[in-house]
Each structure stands twice: as structure tokens, then as C-alpha cells.
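Engineer: Input: one structure, supplied below.
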Amino acid sequence: MNKIPIASGFSKREIQVLVLLCLDFTQEEAADLLFISFETVRSHLRNMRERHNVKKASRLFLIAVATGYIKLKPQPQALNNLITSICLN
């Protein structure tokens, strides 16, 4: 299993950009919601990719979760529904 490369964390703004992109907002929409320019969003992504030596934003999201910069809330009911649907098929 490949280890996730960990470099010096994420800024608050980088996390905001990353979360919006992972919620399926476009870069342009993220820029509008955060009141920053499209170029600033691109710059944040480029800086994060270079710092963490990855190519995709989805990988950045995994690194942010693994290092505690983004905390996911467990959804037990959703997990139960998934398990039930798998077992019934």
C-alpha cells in the first residue's frame, strides 16, 4: 500500500477551496462563494499539489482527512443502509 505523502499542512483557505471542490462545485463557483478570484483558486490548488506532490484534488482531500485538517462525521444510518442493500442483493 502506498503511503500518503505528508508535507506542511493546509491553510484555512486551502481547506475551504478543497471542500467546495469535493462537494462538486466548480473552481469558478468556489471562487465566487469565497469572494476570491478564479486565479486565486487555481493558485491554491497548484500550491497544494506541489507541496504534497500529488496530481489530483481528490488525493489532496484524502491527505487533508488523513492528517486531521478535515474531519468527517460518521453517518451510521447511511452505513447501515449500504450494508443492508449489499446483503439483500
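Bear in mind these aren't lab numbers, they're just calculated from the coordinates by the rules spelled out. Keep in mind that what you see is a predicted model, and the values were worked out from it rather than measured. Cβ sites come from the backbone with ideal geometry, for glycine too, and all protein chains shown count toward neighbours.
Engineer: Could you check the simple spin-label distance between ARG46 and ARG13, using points 7 Å along Cα→Cβ, in nm with one decimal?
Structural biologist: 1.5
Engineer: While we're here: May I ask you to list the aspartates and glutamates whose Cα is less than 19 Å away from that of LYS71, ignoring any residue fewer than eight positions away on the same chain?
Structural biologist: The qualifying aspartates and glutamates are GLU14, ASP24.
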